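Enquirer: Could you have a look at this structure, given as structure tokens, before my questions?
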Amino acid sequence: MAEVIRMPLLSDTMTEGKIVKWNKKVGDQVKSDDVLADVETDKATMEVVGYADGTLLYVGVAEGNAAAVNEIIAIVGKEGEDYKSLLGAAPAATAATSPQPAAQTSSTINQPSSAVPSVTPEQLGVTVIRMPLLSDTMTEGKIVQWNKKVGDAVKSDDALADVETDKATMEVVGYADGTLLHIGVEAGSAAKVNDVIAIIGKAGTDISPLLAGLNAPTATSAPAAVAQQPATTQQPSSAIQQPSSVNPASENGRLKASPLARKLAEEKGIDIRQVAGSGDGGRIVKRDIDSYTPAAAAAAKTPAVSTLQHPPSTILSGTEGYTDTPNTSMRKTIARRLSESQYTAPHFFLTMEIQMDNAMAARAQMNEVSPVKISFQDMLIKASAMALRQHPAVNSSWMGDFIRTYQHIHIGSAIALPEGLIVPVVRFADQKSLSQIAADAKDLYDKARNKKIQPAEFSGNTFTISNLGMMDIDEFTAIINPPDSCILAVGRIKETVVRKGDGFGVINVMKVTLSCDHRSVDGAVGAAFLQTLKKFMENPVTMLV
């Protein structure tokens, strides 16, 4: 059965997307992981994947034109299949699905199994909510908590659930008014991207024929979900974070707050019991924490809570033992993507020494007048971007049948979080001053550490820098971060004794190692890039011209 591809919600503020380019034309064969089109949003230009195998039967929006979120932009199905009936289907039943990539909202239930529902959502007048694609590397999401239970009335802007992705914990919004009729994935369980996680419709609607077609053995029917809800929504930390009477967001002795809000409050040192909630029934959500200014007294109470939540473990002398820590979605994705990169991209490595005396002096002088502190990492981002402009072959991706060379330069700057590695992206780095790069980078790092970074801010990199110099690492080799062709590994700045004239002197040296994908970047190309980078870093004034 043909699949309807709709304009996905690619950012939290997006209302429409402009089709920059169609990568497939009507009649072309497409695979589920093919990029159908490049779409310009209010944040960036991103790729739309169809998540369906077959033939491209219909293109609804021409290149250069815009389409509203959830508007039909394409249809994929069997060659010669009649799809015109899908164009006339009322979109109201599915127009309010959660933010997700194209093909996650369709007039058919796009399940991996061959089962086809006996009725469609349109016929029942319900909205099927699927697991959205919340990052470019996400394959599944874990339901941390349901904020609504079956039978609850929901509004189009309600956060139905908190979902842990490979990058952060984010809220899933249903974008539909009605009653929550069905929960397909219990709290604590994971669902693959595009799996059905909920259904919203009119109260009393019989969705059993639809559920039979969905073939979801883990699904929770309405009566069962109502009966089990108190057990599934009870949080282990509720006894620890008992609210005081001053907070109206308490109910039956339990503080009403999303897990993301609790985590942000703990990280920021905010006593969550003092925060006024703006969600349903006074529930505390992320925006309440973001806009709250904590009192000094409240911040002092946080360590006591942390101590209770993480009691010290006791190790007995002479005994063996171990601790199994479940892998987060972020850690699983890091393992998968870097393993693929290591074993599919033929890496080679180029190491070069850079004298940093001039860079150190220039940085000190710039920081005397810069509105934001400029770091050596900021200087490396700028130098790399300018070197990429002179060596565009390094600013590329191996695409299988062709090499894609990017005209824009987006530099990823890897940072370590407790959950794993994330790469915030400084966009158009070659066009920005050092102070602009420093300000953008600081803002991105803060967002990443506070789990407020958005997908558009950690995707789209064309080159990546990984810096371990602050941890006293002399030099190392990094694994290429797909889809980049290269990654720059940066070591510490180290004093080195060298011969100067008839005597000896001390200079400051930093070693950098460029990991290259030999499929798209040759050795001479990578070496020339490093030579240009070295010139910029050793004479920083050239970056200002």
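Per-residue answers, yes or no, for (1) over 18 Å from Ala2 (Cβ atoms); (2) at pLDDT below 50:
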position	(1), (2)
Ala68	yes, no
Ala103	no, yes
Thr108	no, yes
Val119	no, no
Asp136	yes, no
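Enquirer: Residue by residue through the stretch 155-184, note down the ones that are surrounded by fewer than 24 Cβ atoms within 10 Å (Cβ to Cβ) and over 30 Å from Val425 (Cβ atoms).
Expert: Lys155, Ser156, Asp158, Asp177, Gly178, Thr179, Gly184
Enquirer: Could you check the stretch 245-285 and list, in sequence order, the residues that are assigned to a loop (DSSP other than H, G, I, E, B), modelled with pLDDT of 70 or more and touching a strand residue (DSSP E or B) at 6+ places or on another chain (Cβ under 7 Å)?
Expert: Across the stretch 245-285, the qualifying residues are Lys256, Ser258, Val275, Gly277, Arg283, Val285.
Enquirer: Quick check: anything in the stretch 455-472 assigned to a helix (DSSP H, G or I) and in contact with a helix residue (DSSP H, G or I) (Cβ under 8 Å, 6 or more places away or on another chain)?
Expert: yes
Enquirer: Here's a follow-up. Out of all the residues in the stretch 413-423, which are under 22 Å from Met537 (Cα atoms) and not in a strand (DSSP E or B)?
Expert: Passing the criteria: only Ala414.
The rows are residues; the columns are (1) at negative phi; (2) in contact (Cβ under 8 Å) with a residue 60 or more places away in the chain; (3) outside the structural domain of Leu133 (by TED's automatic domain parsing).
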{"residue": "Ala456", "(1), (2), (3)": "yes, yes, yes"}
{"residue": "Ser466", "(1), (2), (3)": "yes, no, yes"}
{"residue": "Asp472", "(1), (2), (3)": "no, no, yes"}
{"residue": "Arg492", "(1), (2), (3)": "yes, no, yes"}
{"residue": "Arg499", "(1), (2), (3)": "yes, no, yes"}
{"residue": "Val509", "(1), (2), (3)": "yes, yes, yes"}
{"residue": "Val512", "(1), (2), (3)": "yes, yes, yes"}
{"residue": "Ser520", "(1), (2), (3)": "yes, yes, yes"}
{"residue": "Lys534", "(1), (2), (3)": "yes, yes, yes"}
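Enquirer: Shifting gears a bit: For the subset of the stretch 286-306 comprising residues that are modelled with pLDDT of 75 or more and surrounded by 17 or more Cβ atoms within 10 Å (Cβ to Cβ), which member is farthest from Val173 (Cα to Cα)?
Expert: Here the answer is Tyr292.
Enquirer: Still on this structure: Specify the residue that is modelled with the highest pLDDT; the eligible residues are those in the stretch 1-35 that are closer than 12 Å to Ala52 by Cβ, not aliphatic (A, V, I, L, M) and not in a strand (DSSP E or B).
Expert: Lys24
Enquirer: For residues that are not basic (Lys, Arg) and not in a helix (DSSP H, G or I), scanning just the stretch 432-451, find the one that is nearest to Phe348 (Cα to Cα).
Expert: Selected residue: Ser433.
Enquirer: Going through the stretch 411-423 one residue at a time, which ones are closer than 15 Å to Asn461 by Cα and either surrounded by fewer than 22 Cβ atoms within 10 Å (Cβ to Cβ) or hydrophobic (A, V, I, L, M, F, W, C) (or both)?
Expert: Correct list: Ile411, Ala414, Ile415, Leu421, Ile422, Val423.
Enquirer: Let me ask something else about it. In the stretch 361-388, how many residues are surrounded by 15 or more Cβ atoms within 10 Å (Cβ to Cβ) and either closer than 24 Å to Ala489 by Cβ or basic (Lys, Arg) (or both)?
Expert: Qualifying residue count for the region: 17.
Enquirer: In the stretch 485-492, is there at least one residue being charged (D, E, K, R) and in contact with a helix residue (DSSP H, G or I) (Cβ under 9 Å, 6 or more places away or on another chain)?
Expert: yes
Enquirer: Would you mind telling me which numbered condition in (1) modelled with pLDDT of 85 or more; (2) touching a Ser or Thr at 6+ places or on another chain (Cβ under 7 Å) Lys148 fails?
Expert: (2) is the only condition that Lys148 fails.
Enquirer: Of the conditions (1) more than 22 Å from His347 (Cβ to Cβ); (2) surrounded by fewer than 17 Cβ atoms within 10 Å (Cβ to Cβ), Phe536 clears all except one; give me its number.
Expert: Only one criterion is unmet by Phe536, namely (2).
Here's the yes/no breakdown for (1) in contact with an Asp or Glu (Cβ under 8 Å, 6 or more places away or on another chain); (2) more than 23 Å from Met386 (Cβ to Cβ); (3) part of a strand (DSSP E or B):
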residue: Ile453; (1), (2), (3): no, yes, no
residue: Phe476; (1), (2), (3): no, yes, no
residue: Ile479; (1), (2), (3): no, yes, no
residue: Ile493; (1), (2), (3): no, no, yes
residue: Thr513; (1), (2), (3): yes, no, yes
residue: Arg519; (1), (2), (3): no, yes, no
residue: Gly526; (1), (2), (3): no, no, no
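Enquirer: Does the stretch 48-66 hold any residues that are of a type in the set (S, T, N, Q) and either in contact (Cβ under 8 Å) with a residue 40 or more places away in the chain or under 11 Å from Met7 (Cβ atoms) (or both), and which are they?
Expert: Matches in the stretch 48-66: Asn65 only.
The values are calculated or read from the model by the stated rules, or taken from the named source; none is laboratory data. Please read these numbers as outputs of a predicted model, since none were measured by experiment. Neighbour counts run over all protein chains shown; Cβ positions are idealised from the backbone, glycine included.
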